[in-house]
Amino acid sequence: MMTARAPSGSGTQTRFGRRLGLAPFLLFAAFAVAPFLAAFSGAEGYVLSLLTRVMIFGLAAMSLDLILGYGALVSFGHAAFLGIGAYAVGILASQGSAEILIQVPVALAASALFALVTGAISLRTKGVYFIMITLAFGQMLFFLATSLAAYGGDDGMTVPERSRLFGSRLLESDLAFYWACFLCLLALYGLLRAIVGSRFGRVLRGTRENPVRMESIGYHPFRYQLAAYVISGMMAGLAGCLMANQTEFISPAYMTWQRSGELIFMVVLGGLGSLHGAIIGAAAFLLLEEFLPEFLHAAGFLLQDDMRTRLVENWKMIFGPLLILIVLFARGGIMGLLRRGDHG
């Protein structure tokens, strides 16, 4: 009796797939080891600040990936939830309530309410109409924030102090705050993995592929999409809380459509439908943004000083096309590029 022979290279593909399966473990291990390495670098404060920002935006990008990567819902107003979380911290702190166990529930409740109301309206539209209505709701909240003269208006406001935990100033330490962000990212990554692997997640992916078929077999895509939209908004609201604590400043700029566009770019850059890919995309985006001007300054040593200065000042003219080229030639984002590396 003859048996089918495994295709040539299938063993290599399996091994490569297993290595890719280790990507989340390696990613979180890198975040866990980074503070210890930073302590010997001579720039501990800078490294901790940069990586904390990466984790916060990784959390925001991961929340967007739930609806964009798994539900094919392109929200151009997702940064509004960042603003809700940030303003919850700033407004409560200015009123003398700096306890994080109060601020976070308020931020989550406000984000959930905004997501429920706007999502119930937005999800009755499809395609470009959904994109435009989420953009409109995001801009509506942006202009509302600019009108809050008591809280800085268009100029924003300084957060009086970082959030307290059970009344203690534990989070004032950059290292303690780093670990708090790490634990939030790890916990919510695990939660989202459980969600997308559950029956709910399978139905959500089904609505992405063929909502008509899902409805014909007894599911209601609207309900699942709305639930995912609320969960996504709440997680982005938590990221906003963390962002306000890191920067100790809140501003309407947190919720502009440009910030929403950056979050979409992070998700696409890392790879749609890959939660750890969203974190990797956020890291790649922010690290490029951080180090590209310095690289251009070093690479322009052959240019005259004035031309070199203009090159560095206009670094975004290179940053934008560079990101577009990465997305165009790395279909599936960074994770897709790694998967195709097996065929090289």
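Read-outs: derived from the displayed coordinates by stated rules, not from any lab. Bear in mind that the values here come from a model prediction, so they are computed numbers and not experimental data. Cβ atoms come from the backbone with ideal geometry, glycine included; neighbour counts cover every protein chain shown.
List of remarks:
- Taking 267, 196, 117 in turn, the Gaussian network model of the chain (Cα-Cα springs below 10 Å) assigns the largest fluctuation to 117.
- Relative counts (whole %) of C-alpha pair distances in region 39-88, using bins that are 5 Å wide: 5, 17, 19, 19, 15, 10, 8, 6, 2
- P(r) for region 64-104, from all Cα pairs and a bin width of 10 Å, is 28, 33, 24, 14, 0 %, short bins first.
- From its DSSP helices (H runs of at least four residues, each -39,500 (n - 2.57)), the chain gives a residue-normalised ellipticity at 222 nm of -24500 deg cm²/dmol.
- As a calculated quantity, the FRET efficiency between residue 329 and residue 212 at R0 = 22 Å, using C-beta atoms, amounts to about 0.05.
- Candidates 59, 148, 192, ranked by Gaussian network fluctuation over the chain, Cα under 10 Å, top entry: 148
- Working note: Cα gyration tensor of the chain, eigenvalues times five, square-rooted, sorted largest first, giving semi-axes of 32, 29, 22 Å.
- Relative contact order %, region 78-135, counting alpha carbon pairs below 8 Å whose residues are six or more apart: 31
- Gyration tensor (Cα) of region 184-237, equivalent ellipsoid semi-axes in angstrom: 23, 12, 7
- Additional length obtainable on full extension of the chain from residue 173 to residue 39, 0.36 nm per residue less Cα span: 46.8 nm
- Gyration tensor (alpha-carbon) shape descriptor, region 185-289, a/c threshold 1.5: prolate
- Across all directions, the shadow cast by the convex hull of region 19-60 built on its C-alpha atoms averages 3.3 square nanometres.
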